[in-house]
Every structure is written in C-alpha cells, then in structure tokens.
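Report on the following structure.
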Amino acid sequence: METKFNSSILVKLLIVQCLSVLCAAQDFDFFYFVQQWPGSYCDTKQSCCYPTTGKPSTDFGIHGLWPNNNDGSYPSNCDSNNPYNQKKVSDLISQMQQSWPTLACPSNSGSSFWAHEWEKHGTCSESVLDQHGYFKTALNLKAQIDLLQILRSSGINPDDGFYSLSSIRNAIKNAIGYTPGIECNVDASGNSQLYQIYICVDTSGSNLIECPVLPNKKCGSTVEFPSF
C-alpha cells in the first residue's frame, strides 16, 4: 500500500512539473527574426531620433526575435514576473547598441526598446531561452544573416533607387535557402519602401526554416531602398 501511495504522489508531481516546465516548451511553433532598414524607419513623416550613442551604422538593425504560431497568431507578454534586467545582458550591451539600435524619439540609450522586446516577446520563449540567451541568439542570427551584403551582391543598393519586390525576395532566398517575409512602409512622398525582413527560425533559435506562415504585409511590386 505504501509503495502505491508513493507512486501516486510521484505521478502527480511529474504531472505538475510537466505543466509548469516541460509543457511550456510547446507554447509556440517558430520564431520570426526581424531586421529593419533604418533609412526606411527614418524616411517617414514621423521621422526618427538617433540613439544617445550616435547615428547607427548603415546596416539593417535587429527589431526583434518573435515567437509565433503556425496559424499566424502569437503569444505576448507571457511573464510579468520576469522583467528586463540589463545586468543580465551587461556583456552584450555594446553589441546590442551596434546591431539592435533604437530609432525612437526622444533619443535614448536603447534600454527601453530592449525591455519592450524582452517583455512582450522574449518572455514567451523563456522555456527555451533565458534573458541572456534570448538577446545572444538574436545577435548570433544577425551575424549569420548579413542582409545588406546579400542585397548588394545582387546589385540592390540603398541608393534611393527603386527595385522589384521579387528581386529583393529572390536575392535573400538564394542566399539563405528560405523565402523571407518582406514588410514595407511609406515615405513622406507616399512611396512604398523596403522596411523589414522576416526570416523564420526553429524553436531553438538556431536553425533557419521555411516560414510556416508569412506575415501579411503589403508592398508595391516596386519598392524604394532609401539611403541612410
């Protein structure tokens, strides 16, 4: 009887552990790794502000690493008990300032941007990545996927010129092996311009995959690639 009783308790404990830890690993299906072009962020009626560290380099910057579901929905703000803590990523700050700069106004250091990304999106992946792991994973992906070099190699340059959306998509697909999602915004003159690139990554944050669902973002068939 004692053995059966202890076994029953053990089973219940395992179920509770699964619900609290193991099952949480299934709370999303993949990541969108999103990079944005600063020239397009700034070239709008709203404009932009450079961070307190100065004008970012002429390169795509990280927007975020976003858990997503195969049906197009996504979790958000998953753990209010685990807010952004800059001390946990202190060794990454210089890389984040370079590769994950803020362009929001008023000018700031970037910490509010990173806090937003962790608290809205990162907390929904904490069954896989802790805070340090989340930001490090995004930085690793940025180092792996050099979008500006990929586009330049195909003759697509940030020179205020207009390029076909298909040529941009194909250049990236040929380089990384997977179809990207492309988001545009509109400049002060009303032109459609290349704004954000979405690339899909598995739940470990390590391997690129074909997107189960592409973001529903509208662009013109020809888009501007503004200078920065």
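The values are calculated or read from the model by the stated rules, or taken from the named source; none is laboratory data. Values in this document were obtained by computation on a predicted structure and should not be read as measured data. Every residue, glycine as well, gets a Cβ built from its backbone with ideal geometry; the counts of neighbours run over all protein chains shown. Please note that ligands, DNA and RNA were not included when accessible areas were found on the heavy atoms of the full protein model with its side chains. Shrake-Rupley method; radii C 1.70, N 1.55, O 1.52, S 1.80 Å.
Taking Leu139, is it aliphatic (A, V, I, L, M), modelled with pLDDT of 95 or more and not in a strand (DSSP E or B)?
Details: aliphatic (A, V, I, L, M): yes; modelled with pLDDT of 95 or more: yes; not in a strand (DSSP E or B): yes.
In short, yes.
Considering the stretch 35-55 alone, what residues qualify as being among the small types (Gly, Ala, Ser) and within 20 Å of the chain's Cα centre (by Cα)?
Gly39, Ser40
When you scan the stretch 28-120 for helices (runs of 4 or more DSSP H) that lie fully inside it, which ones turn up with 3 or more residues that are over 27 Å from Thr179 (Cβ atoms), open to solvent by 10 Å² or more (accessible area, probe 1.4 Å) and not hydroxyl-bearing (Ser, Thr, Tyr)?
Working: elements: 38-42, 93-99, 111-120.
The qualifying helices (runs of 4 or more DSSP H) are 93-99, 111-120.
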Output for Cβ contacts, cut-off 8 Å, separation at least six or different chains, first residue over 16 Å from Leu208 (Cβ atoms) and in contact (Cβ under 8 Å) with a residue 60 or more places away in the chain in the stretch 144-171, second assigned to a loop (DSSP other than H, G, I, E, B) and among the charged types (D, E, K, R), reads Leu148/Asp59
Across (1) farther than 25 Å from Phe225 by Cα; (2) out of contact with any Gly (no Cβ under 7 Å at 6 or more places or on another chain); (3) polar (S, T, N, Q), Ser153 clears everything bar (1)
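Can you find a residue that is open to solvent by less than 40 Å² (accessible area, probe 1.4 Å) and either aromatic (Phe, Trp, Tyr) or without any contact (Cβ under 8 Å) to a residue 24 or more places away in the chain (or both) anywhere in the stretch 123-132? Give the steps one after another, and end with the answer.
Taking the stretch 123-132 as the starting set, the residues that turn out to be open to solvent by less than 40 Å² (accessible area, probe 1.4 Å) are 123-125, 129, 131.
Okay, now just the ones that are also either aromatic (Phe, Trp, Tyr) or without any contact (Cβ under 8 Å) to a residue 24 or more places away in the chain (or both), so none.
No: the stretch 123-132 contains no residue that is open to solvent by less than 40 Å² (accessible area, probe 1.4 Å) and either aromatic (Phe, Trp, Tyr) or without any contact (Cβ under 8 Å) to a residue 24 or more places away in the chain (or both).
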For the stretch 156-208 the number of residues that are small (Gly, Ala, Ser) and under 14 Å from Gln35 (Cα atoms) is 1
